[in-house]
Amino acid sequence: MARKQVARSLPSDWDVDITFAVNGAEGIEAVREGKVEMVFLDLTMPVMDGYEVLELIKQESLKTIVIVISGDIQPEARERVMKLGALEFIKKPINKEKLQGVLRDYGLL
Amino acid sequence: MSQPLPFTEDQRDCLQEISNVAMGAAGEHLAGFSKVFVELSIPIVRATKADDLVDALVSLQGLEAVSGVVQPFEVGPFSFGGGESSTVSGCALVAITESSFRDLAQQRGVGIDDDADAQKLLIQLADTITHVCLPMLTEQLGVPAPVLPASEIASLHVPLAEFKVPQIDGWSGMTTVEINYHLEGHPFNCDLLLILPDSATAALCKALDALLA
């Protein structure tokens with residue numbers, strides 16, 4: 001449901017291909033293959049969580065933009081992901097206007 | 001022992017996701033209460049029998065005594081087509097082991113040798129979590145904030161096999177959502193168990209379908 005909610009919150013006319021990963025391990029593999037320009041990343045995931053994904057992206061200098069979307073809204077959670085290189089942190093439940101505003105602000109639309 | 005879930009996979013996924021968001025909101029408050037970063041787990045949805053409640057407290061399995069608080073709740077009304085509406089009653093259980101109890105007491109700078117002090121800390125912990133988690137669940141379901149009577153001590157310093165939740169006496173089957181909180185770098189582990197009787201399943205399924213639509 002979380003993945004569908006993100007997809008439904010994106011601009012309908014945005015010219016992008018969207019793929020979904022069921023966990024962090026699947027996601028990082030897609031990033032390693034160079035197929036991913038942007039990641040909308042949850043923090044609480046099975047197999048590999050979002051923090052581990054961010055650490056690997058940083059360690060391996062993988063070229064991708066990461067926007068964290070998470071229900072983990074502790075202030076320190078936001079600090080940690082920003083230090084790990086995330087572009088932005090968006091709290092769940094997802095607000096469509098907030099998400100699209102972030103994409104516009106960073107010139108991603 | 002788990003039973004087959006009375007949900008479709010989409011409904012289970014939806015319940016897991018809204019529980020994830022609600023637990024995250026509660027986790028922020030727990031972090032403030034304990035002054036430690038909180039590590040969140042993925043919520044686990046199970047169907048089980050009331051007699052098997054103890055088995056649902058997966059993270060508490062072991063030799064330590066456990067203590068817990070139960071927060072009854074009423075949620076709704078859920079309004080469906082044709083003028084049909086219903087409310088859902090359940091309870092939220094917050095349970096911890098002895099080592100977690102001592103760890104939390106140390107973080108809070110309080111003693112728990114006296115039963116009254118121990119009960120006070122336990123209630124504070126439970127209310128910190130449930131009074132954020134439950135309203136966040138209802139907000140996502142699009143129903144009014146839950147009715148929350150006073151929370152009560154379920155059991156204090158008892159072996160897990162003797163752990164009792166009187167509110168579920170008479171229930172046969174139930175749905176549970178288990179959410180675990182862990183304080184980073186600490187032994188503290190806390191289980192939040194959302195418990196709904198089988199009688200609530202139909203209304204819950206409709207509410208989840210409305211979210212999925």
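Per-structure values
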{"read-out": "Whole-number D in µm²/s for the range B:164-210 (Stokes-Einstein; Kirkwood sum over Cα pairs; 25 °C, 0.890 mPa s)", "value": "190"}
{"read-out": "Cα-based helix-to-principal-axis angle, B:201-212 vs chain B, degrees rounded to 10", "value": "80"}
{"read-out": "Whether the range B:79-135 is rounded, prolate or oblate, judged on the alpha carbon gyration tensor where a/c under 1.5 counts as rounded", "value": "prolate"}
{"read-out": "Alpha carbon centroid spacing (whole Å) that separates the range B:193-207 from the range B:118-159", "value": "18"}
{"read-out": "The range B:1-78 and the range A:42-102: distance between their alpha carbon centers, rounded to Å", "value": "24"}
{"read-out": "Reachable lysines from B:Lys120, criterion Cα separation under 28 angstrom, eight or more residues apart if same chain", "value": "B:Lys35, B:Lys164"}
{"read-out": "Dipole of chain B, positive end: most advanced residue of B:Val21, B:Gly83, B:Pro197 [Cβ charges, Cα centre]", "value": "B:Gly83"}
{"read-out": "Anisotropy class of chain B from Cα gyration tensor, a/c 1.5 cut", "value": "prolate"}
{"read-out": "Long-range amide H partners of B:Ala65 with built H, under 5 Å", "value": "B:Glu98"}
{"read-out": "Dimensionless Rg/Rh of the protein assembly as shown - Kirkwood Rh, Rg from C-alpha atoms", "value": "0.98"}
{"read-out": "Semi-axes of the equivalent ellipsoid for the range B:99-213, Cα gyration tensor, largest first, Å", "value": "30, 17, 13"}
{"read-out": "Charge dipole (the protein assembly as shown, unit charges on Cβ, about Cα centre) - positive-most of B:Thr128, A:Ser70, B:Ile96", "value": "A:Ser70"}
{"read-out": "All lysines inside 27 Å of A:Lys35 as judged from Cα atoms, apart from same-chain residues fewer than 8 positions distant", "value": "A:Lys4, A:Lys58, A:Lys63, A:Lys83, A:Lys91, A:Lys92, A:Lys96, A:Lys98"}
{"read-out": "Model label zone, B:Ile42; criterion: amide N under 15 Å from point 7 Å along Cα-to-beta-carbon; scope the range A:42-62", "value": "A:42-53"}
{"read-out": "Positive dipole terminus of the protein assembly as shown, leading residue within B:Gly32, B:Pro43, B:Leu57 (C-beta point charges)", "value": "B:Gly32"}
{"read-out": "Mean separation of Cα contacts under 8 Å (6+ apart) over length of chain A, as relative contact order %", "value": "26"}
{"read-out": "Value of relative contact order over the range B:124-213, rounded to a whole percent, pairs C-alpha under 8 Å and six or more apart", "value": "19"}
{"read-out": "Residue-by-residue Karplus 3J(HN,Hα) for the range A:62-71, coefficients 6.51, -1.76, 1.60, Hz, glycine and proline x", "value": "6, 8, 6, 9, 10, 10, 7, 10, 8, x"}
{"read-out": "Radius 9 Å from Cβ of B:Val69, net charge of other residues (Lys, Arg +1; Asp, Glu -1)", "value": "-2"}
{"read-out": "Within the protein assembly as shown: Cβ-based charge dipole about Cα centre, in debye rounded to nearest 20 (Lys, Arg +1; Asp, Glu -1)", "value": "720"}
{"read-out": "Tilt relative to chain B, helix B:9-34 - C-alpha long axis, 0 to 90 degrees, to 10", "value": "30"}
{"read-out": "Pairs of Cα atoms farther than 21 Å apart, the range A:10-87, %", "value": "24"}
{"read-out": "Rounded to 10°, Cα long-axis angle of helix B:98-108 versus longest principal axis of chain B", "value": "80"}
{"read-out": "Dipole magnitude (debye, nearest 20) for chain B, charges at Cβ of Lys, Arg, Asp, Glu", "value": "220"}
{"read-out": "Formal net charge of residues neighbouring B:Gly185 (Cβ-Cβ distance under 13 Å; K, R +1; D, E -1)", "value": "-3"}
{"read-out": "Relative contact order [Cα under 8 Å, 6+ residues apart], chain B, whole percent", "value": "34"}
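A short reminder: the numbers here are calculations on the coordinates, not readings from a lab. Note that the structure is predicted; figures quoted are calculated from it, not measured. So basically every Cβ, Gly included, is an ideal-geometry build from the backbone, and we count neighbours across all protein chains shown.
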